[in-house]
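Just below is one structure, and these are the notes that go with it.
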Amino acid sequence: MKLPKNFGGQGLGGYLKQAQAAMDRAKHLEDELAAERITIEKGPVSGVFAGTGEIVSIKIDPVVMDPSETEALEDLIVGLVRDGFSSATELRDARVKEIMPNVPGLGNLGL
């Protein structure tokens with residue numbers, strides 16, 4: 001296997017150390033993401049999501065709890081959940097990109 005020029009400064013030993021460091025960080029990524037909190041607000045509806053995309057809480061302003069407007073409230077909740085999951089996915093992608101550049105050739109996999 002041909003290593004990138006000047007990679008690791010120590011040849012294969014440097015490569016292995018960097019790969020091990022990336023693997024160690026990746027093992028803890030799920031725990032790190034679970035501890036992260038993302039707050040999303042959609043007008044009178046707000047929610048808190050874990051970095052894994054899990055819904056932690058949803059709050060609805062009682063002012064908008066009009067039985068004749070349930071469809072609008074449902075749309076707000078769907079949008080809130082969609083945005084929370086999207087933000088969690090972006091956070092995960094950013095964390096993976098932090099890890100991947102340390103392993104040559106893997107940073108370009110589009111993860």
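Here, each number is a calculation from the coordinates, and none is a lab measurement. Not measured: the values here are computed from a predicted model. A quick note on method: Cβ atoms are made from the backbone with ideal geometry, for glycine too, and the neighbour counts reach across all protein chains shown.
Take 58-70, 19-31 and order them by the average number of nearby Cβ atoms within 10 Å per residue, most first; the result is 19-31, 58-70.
Shape call for the range 12-102 from the C-alpha gyration tensor, a ≥ b ≥ c root eigenvalues: rounded (a/c under 1.5), prolate (a/b greater than b/c) or oblate? The shape class here is prolate.
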